[in-house]
Amino acid sequence: MSDTEDDELDEIRKQKAKRLREQQGDGTQAAGGAGTSPDEPVQVSGMDDLEQLVSKHQVVLVDCYADWCGPCKMMEPVIEELAGSTDATVAKVDVDANQQVAAQLGAQSIPTFVLFVDGEPAERLVGAQDQATFEQLLAQA
């Protein structure tokens with residue numbers, strides 16, 4: 001990876017960390033009730049984080065990804081759009097940083113998407129998907 005790409009990844013990580021701190025500082029957006037979901041994907045940093053999200057929100061779409069994964073990068077705008085345009089909570093799990101969470105979600109290849117409905121895994125999709133597929137999946141939930 002070139003120095004420019006490393007710098008871009010560092011900047012993206014800093015922006016994501018800032019957004020997470022803002023969400024956590026607000027409290028209402030990140031922890032909202034069953035009818036309130038964050039307008040941006042929520043970074044999951046462990047199994048406790050995931051369990052808390054799944055228990056607080058009726059519909060949660062979990063994106064298991066890696067920064068080095070081309071299809072994962074391709075999916076990022078779609079995932080961000082879903083977070084802002086649907087009632088579902090969208091969570092992101094970095095499989096490199098959270099290998100245990102990824103293993104418990106059954107993410108053997110990436111990207112892997114797991115849909116939780118009422119606290120239970122309801123659907124799993126592997127590989128890049130189009131936005132219409134996610135919208136249809138969330139509408140059924």
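Values quoted throughout were computed directly from the atomic coordinates according to the rules given, and no laboratory measurement underlies them. On a predicted model such as this, the values are computed, not experimentally measured, just so you know. Cβ sites come from the backbone with ideal geometry, for glycine too, and all protein chains shown count toward neighbours.
Structure notes:
- In order along segment 90-95, the Karplus-derived 3J(HN,Hα) couplings, from 6.51 cos²θ - 1.76 cosθ + 1.60 at θ = phi - 60°, round to 10, 10, 10, 10, 6, 5 Hz, and Gly and Pro are given as x.
- Separation in nanometres of the label points that stand 7 Å from Cα toward Cβ, at THR36 and ASP49: 2.1
- Computed from label points 7 Å out along Cα-Cβ, the spacing between ASP87 and ASP67 is 3.6 nm.
- Counted over segment 41-141, the DSSP beta bridges are approximately 55% antiparallel.
- At an R0 of 25 angstrom, the distance between the Cβ atoms of ALA122 and GLN99 translates into a FRET efficiency of 0.60.
- 3J(HN,Hα) from dihedral phi, segment 46-63, Karplus parametrisation 6.51/-1.76/1.60, rounded to Hz, x for glycine, proline: x, 5, 4, 4, 5, 4, 5, 4, 5, 6, 8, 10, 5, 10, 10, 9, 9, 9
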